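Structure, as structure tokens:
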Amino acid sequence: MLYLGVLASGRGSNFQAIVDAIGAGSLAAAVKLLIVDVPGAFAVERARKHSIEFLYLDPKESPSKDAYFARIAEEFAGRGVELVILAGFMRIVRKPLIDAFPNRIMNIHPALLPSFPGLHGQKQAAEYGVRISGCTVHFVDEGMDTGPVIIQAAVPVSPDDTDDTLSARILKQEHRIFPEAIRLYAEGRLKVEGRVVRIAGYEAGEDAVLINPPLP
Ligand code: GRF
């Protein structure tokens with residue numbers, strides 16, 4: 001059983017997808033603690049509903065950003081957390097947490113990294129006019145959305161897409177691949193080599209390639 005610590009800032013639908021995967025028996029894990037950095041983040045209601053311990057940590061009460069992340073590391077370590085999950089956490093993670101959990105922090109980003117990092121990946125993709133976007137689960141390093149890629153899912157983009165329509169299409173895939181990436185980790189199948197992640201027992205197939213618009 002893998003012990004998870006979750007960080008969130010908002011509605012927490014990815015957090016919910018992970019809790020649901022655990023509930024359905026497809027992920028052998030337990031969320032030991034949810035930490036939010038925003039008072040009233042809806043993720044907290046979800047934790048309450050599932051009797052998961054949660055904590056609001058106000059960044060302004062820490063003397064520095066590093067101290068804030070050291071505190072988070074301490075709270076997680078104190079509960080035996082093995083893997084940290086960023087589920088819509090809107091801050092750049094600082095060294096004290098990364099050092100406490102090396103290659104043991106995962107984030108989900110709503111674009112196919114390294115395209116469209118940072119805020120509003122879906123809006124960036126829709127405005128740029130790409131034909132394919134998607135989402136990425138990656139390990140977290142000190143950069144913004146720069147760590148080793150674990151899994152990606154592609155979705156088609158239409159010129160008529162708005163930020164909202166594309167976000168909804170991508171979100172469905174986020175909810176599939178985030179629990180899946182955690183499951184691969186829990187099964188000990190992920191190996192990080194430099195910036196490349198190997199997945200034991202997985203080989204890419206040609207039929208996984210999405211072409212948009214489809215070829216005749
Ligand atoms: C998701 O789009 C995720 O990719 C991004 O923040 C959003 C969080 O949504 N990092 P939710 O709080 O999980 O519903």
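The values are calculated or read from the model by the stated rules, or taken from the named source; none is laboratory data. Note that this is a predicted model, so its numbers are computed, not measured. Please note: Cβ atoms are built from the backbone with ideal geometry, for glycine as well, and neighbour counts cover all protein chains shown. Side chains are part of the model used for accessible areas, which takes the heavy atoms of the whole protein and leaves out ligands, DNA and RNA. Shrake-Rupley method; radii C 1.70, N 1.55, O 1.52, S 1.80 Å.
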Of all stretches in the chain that avoid GluC sites (Glu not before Pro) placed in a DSSP loop and having at most 14 other Cβ atoms within 10 Å, the longest is 54-141
Filtering trypsin sites (Lys or Arg not before Pro) in the range 122-216 by DSSP loop and by at most 12 other Cβ atoms within 10 Å leaves ARG195
Can you pick out the pairs among LYS32/LYS191; LYS65/LYS191; LYS49/LYS95; LYS123/LYS172; LYS32/LYS172; LYS95/LYS191 whose Cα atoms lie more than 27 Å from each other?
-> LYS65/LYS191; LYS49/LYS95
To the nearest 0.05, the calculated FRET efficiency linking VAL209 and LYS65 through their beta-carbon distance, R0 being 30 Å, is 0.15
For the range 1-102, what % of the accessible area comes from carbon and sulfur atoms, probe 1.4 Å?
-> 53 percent
Return the whole-Å distance between the Cα centroid of the range 151-216 and the Cα centroid of the range 95-122.
-> 15 Å
With r as the distance between the Cβ atoms of GLU74 and SER158 and R0 = 45 Å, compute the FRET efficiency 1/(1 + (r/R0)^6) and round to 0.05.
-> 0.45
Under a Cβ-Cβ cut-off of 14 Å, what is the net charge of the residues other than MET1 that fall near it, where Lys and Arg count +1 and Asp and Glu count -1?
-> +1
Return the FRET efficiency for the residue pair GLU193, ARG48: r is the Cβ-Cβ distance, R0 is 45 Å, and the value is rounded to the nearest 0.05.
-> 0.65
Pull out a ≥ b ≥ c, the square roots of the eigenvalues of the alpha-carbon gyration tensor of the range 69-120, then state rounded if a/c is under 1.5, prolate if not and a/b is larger than b/c, and oblate in the remaining case.
-> prolate
Using a 1.4 Å probe on heavy atoms of the protein chains only, the accessible area for SER167 in Å², nearest 10, reads 30 Å²
Nonlocal amide H pairs with VAL157, under 5 Å, H built at 1.01 Å | ILE132, SER133
Descending Cα extents along the principal axes, the range 92-184, whole Å = 44, 25, 17
Where Lys and Arg each count +1 and Asp and Glu each count -1, what net charge lies around GLN122 among other residues with Cβ under 13 Å from its Cβ?
-> -2
Carbon and sulfur together cover what percent of the accessible area of the range 107-216 at a 1.4 Å probe radius?
-> 54 percent
The range 1-82: trypsin sites (Lys or Arg not before Pro) falling in loop per DSSP and having at most 15 other Cβ within 10 Å | ARG11, ARG79
Descending accessible area (1.4 Å probe), largest on the left, turns VAL81, VAL149 into VAL149, VAL81
With every protein chain left in place, what is the accessible area per residue of the range 107-216 in square angstrom, probe 1.4 Å?
-> 57 Å²
Given a 1.4 Å probe, the accessible area of the range 1-102 per residue, as a whole number of Å², is 46 Å²
For the range 116-216, state which chymotrypsin sites (Phe, Trp or Tyr not before Pro) are in a DSSP loop and have at most 16 other beta carbons lying within 10 Å of their beta carbon.
-> TYR202
Estimated [θ] at 222 nm from DSSP helical runs (n ≥ 4, -39500 (n - 2.57)) normalised by residues in the chain, nearest 500 = -10000 deg cm²/dmol
Starting at 0 and stepping by 10 Å, how many percent of the alpha carbon pairs of the chain end up in each bin?
-> 8, 34, 37, 17, 3, 0, 0
Cα-based shape type of the range 25-115, given that a ≥ b ≥ c are square roots of the gyration tensor eigenvalues and the cut on a/c is 1.5 = rounded
